[in-house]
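The values are calculated or read from the model by the stated rules, or taken from the named source; none is laboratory data. All values derive from a computational prediction rather than experimental measurement. Glycine gets a Cβ as well: all are built from the backbone with ideal geometry, and neighbour counts include every protein chain shown. SASA here: full protein model, heavy atoms, side chains in, ligands and nucleic acids out. Shrake-Rupley method; radii C 1.70, N 1.55, O 1.52, S 1.80 Å.
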Amino acid sequence: MEQQKDTIIKVQDLHVTFSDPSRTVKAIVGLSTEIERGEVVVVIGPSGCGKSTFLRTLNLLETPTSGKIFFEGADLTDEKCDVNLHRQKIGMVFQHFNLFPNMTIKKNMTLAPVQLKKCTQAEADKKAMELLVRVGLDDRAEAYPQQLSGGQKQRVAITRALMMEPDVMLFDEPTSALDPEMVGEVLDVMKELAAAGMTMVVVTHEMGFAREVADRVLFMSEGNITEEGTPDELFENPKNQRTKDFLGKVLH
Amino acid sequence: MQQWFEGFAADFKQSFIDADRWQALLSGLGTTLLITVLALVLGVVLGVLVAVVRSSYDQKKKKGGVLGILNKLCYVYITVIRGTPMMVQLLIMYFVIMASSTNTVLVATLSFGINSGAYLAEIIRGGIMAVDKGQSEAGRSLGLSYVQTMRFIVIPQAVKTILPALGNELIALLKETSIVNVIGMKDITKWAINVQGRTYQAFMPFIGIAAVYLILVIILTKLVSMMERRLANDGTAKRHNN
């Protein structure tokens with residue numbers, strides 16, 4: 001069945017509240033949006049606006065207080081839903097890489113697909129090498145994460161997520177922990193992914209990347225999307241005062 | 001000097017050689033090691049289970065439910081076991097809980113294993129909590145289940161950090177087995193008491209078993225540090241070689 005709109009992620013009236021005995025923080029307040037297959041969505045906004053929480057809620061690393069998240073038609077917030085199964089199709093890249101320090105690069109990449117019986121160890125090894133060639137790190141397959149630079153680690157983290165052949169990739173500030181000269185090599189890999197048609201949701205402070213690669217930019221503040229549009233619309237002609245203030249500070 | 005040496009040799013012969021006492025010592029050593037190893041296995045199993053229950057309860061946002069009850073049980077277990085002396089626990093196990101059983105190896109294994117498990121649980125829980133939260137998030141985001149993430153990612157890293165503390169606990173366990181003679185088991189301490197009773201020699205048998213315990217502990221310490229070195233292999237050593 002050919003559909004005009006092929007929605008991969010649908011978020012309905014999402015609320016996320018963190019509470020501990022001393023205080024309650026409303027991180028996400030009634031957010032709704034849809035993400036199409038093949039779309040590259042960049043989420044920007046001031047720190048503390050809930051953009052990372054939003055991203056982490058999409059694969060249920062944070063538990064929604066209320067609201068619904070549909071991934072490929074399945075309601076992830078339904079208690080009967082097997083979240084582990086859907087997470088296999090949602091790749092995630094973290095700010096601090098989160099590579100497994102006790103395993104080689106190759107083992108980092110092959111652990112999940114082999115344990116989840118997606119393929120044999122030999123097949124996984126072969127695939128890992130192909131991916132490492134793509135990001136130019138095939139000579140580091142037997143190295144440990146500690147032996148790599150930040151940029152190399154993040155490129156490995158991206159390939160580790162790709163090993164599961166995800167339908168969507170979530171990036172949580174992938175370049176924020178990197179030395180400036182290593183940002184480019186990671187963004188290049190991400191651009192290549194976007195060009196290959198991967199659906200991506202990227203939380204970032206790299207406005208250049210947003211401009212160049214994004215199909216749509218979401219501006220978040222105080223736990224909700226206050227403005228969205230194509231990069232041209234949002235960067236050249238922001239309508240919301242908050243967006244203007246924010247862009248005024250980050251674009252020089 | 002020579003007289004002293006001859007006296008020493010005679011005492012040694014009387015304590016260890018006469019009446020084939022060394023055979024009894026060896027069998028006592030077997031008992032000591034058997035109880036230590038069995039109790040360690042039971043203790044590690046209990047410790048990991050309790051630690052996983054306690055740390056997953058700590059991380060859970062919604063409290064209560066089955067996990068809440070399990071967590072309470074684990075808490076009571078740790079409190080009671082750490083709050084009462086080992087020897088009292090052993091006596092209760094032998095004379096009250098398992099009064100109908102004459103299998104002292106079973107009684108000792110259960111007592112020492114349960115005791116050790118309570119201490120190991122807290123050590124292991126500390127290790128699990130020390131592993132960066134991002135590690136389990138990375139595992140879960142790849143689609144691995146909670147158990148798979150624990151097994152392949154979190155616990156191996158936790159073991160590395162808690163190994164020195166585990167070594168301590170193992171040493172304490174080995175030495176604590178010296179009280180099993182209160183339930184009639186013939187370990188090496190009981191052997192020394194027996195020899196002293198027969199020969200009226202105290203120096204040889206007691207210093208002798210002290211040396212045996214010491215040697216065992218030194219061997220254990222070496223084994224633990226060997227393991228530490230092996231587990232430390234995350235590429236740091238290799239880099240120095242390049």
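Data table
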item	result
Hey, residue A:111 of a type outside the set (S, T, N, Q), within 14 Å of chain B (Cβ to nearest Cβ), in a loop (DSSP other than H, G, I, E, B) and buried (at least 17 other Cβ atoms within 10 Å of the Cβ) or not	no
Flag for residue A:191 being within 14 Å of another protein chain (Cβ to nearest Cβ), open to solvent by 30 Å² or more (accessible area, probe 1.4 Å) and either free of Cβ contacts under 8 Å to residues at least 40 places away in the same chain or more than 30 Å from residue A:65 (Cα to Cα) (or both)	no
Matching residues in region A:32-46 - criterion: being more than 17 Å from the chain's Cα centre (by Cα) and either exposed (fewer than 15 other Cβ atoms within 10 Å of the Cβ) or at pLDDT 95 or above (or both)	A:32
Single condition residue B:151 does not satisfy, out of (1) closer than 30 Å to residue A:56 by Cβ; (2) modelled with pLDDT of 95 or more; (3) not aromatic (Phe, Trp, Tyr)	(2)
Subset of region B:143-153 [open to solvent by less than 10 Å² (accessible area, probe 1.4 Å) and either under 16 Å from residue B:50 (Cα atoms) or within 8 Å of chain A (Cβ to nearest Cβ) (or both)]	B:143, B:144, B:153
Enumeration of residues in region B:11-36 that are surrounded by 15 or more Cβ atoms within 10 Å (Cβ to Cβ), among the hydrophobic types (A, V, I, L, M, F, W, C) and farther than 13 Å from residue B:205 by Cα	B:29, B:33, B:34, B:35
Filtered residues of region A:195-224 (kept if within 21 Å of residue A:10 (Cβ to Cβ) and either surrounded by fewer than 22 Cβ atoms within 10 Å (Cβ to Cβ) or in contact with a Pro (Cβ under 9 Å, 6 or more places away or on another chain) (or both))	A:197, A:198, A:199, A:202, A:203, A:214, A:215, A:216, A:217, A:219, A:220, A:224
Hey, residue B:174 of a type in the set (A, V, I, L, M), under 21 Å from the mean Cα position of the chain (by Cα) and open to solvent by 50 Å² or more (accessible area, probe 1.4 Å) or not	no
Candidate set from region A:53-83 (those that are over 23 Å from residue A:224 (Cα atoms) and within 13 Å of another protein chain (Cβ to nearest Cβ)); member that is most open to solvent (accessible area, probe 1.4 Å)	A:79
Entirely in region B:84-141, the helices (runs of 4 or more DSSP H) that have 3 or more residues that are touching a residue at least 40 places away in the same chain (Cβ under 8 Å) and surrounded by 21 or more Cβ atoms within 10 Å (Cβ to Cβ)	B:104-130
Sole exception among (1) more than 14 Å from chain B (Cβ to nearest Cβ); (2) under 22 Å from residue B:143 (Cα atoms); (3) surrounded by fewer than 15 Cβ atoms within 10 Å (Cβ to Cβ) for residue A:133, by number	(2)
Scope region B:37-66; condition open to solvent by less than 50 Å² (accessible area, probe 1.4 Å) and at positive phi; matching residues	B:64
Subset of region A:54-83 (residues that are without any contact (Cβ under 8 Å) to a residue 60 or more places away in the chain and part of a helix (DSSP H, G or I))	A:57, A:83
Pick from region A:164-182, criterion in a loop (DSSP other than H, G, I, E, B) and either open to solvent by 60 Å² or more (accessible area, probe 1.4 Å) or among the aromatic types (Phe, Trp, Tyr) (or both), ranking: modelled with the lowest pLDDT	A:179
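The rows are residues; the columns are (1) in contact (Cβ under 8 Å) with a residue 40 or more places away in the chain; (2) over 23 Å from residue A:200 (Cα atoms); (3) within 11 Å of another protein chain (Cβ to nearest Cβ); (4) open to solvent by less than 20 Å² (accessible area, probe 1.4 Å).
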| site | (1), (2), (3), (4) |
| --- | --- |
| A:85 | no, no, yes, no |
| A:90 | yes, no, yes, yes |
| A:96 | yes, no, yes, no |
| A:128 | no, no, no, yes |
| A:140 | no, yes, yes, no |
| A:159 | yes, no, no, yes |
| A:184 | no, no, no, no |
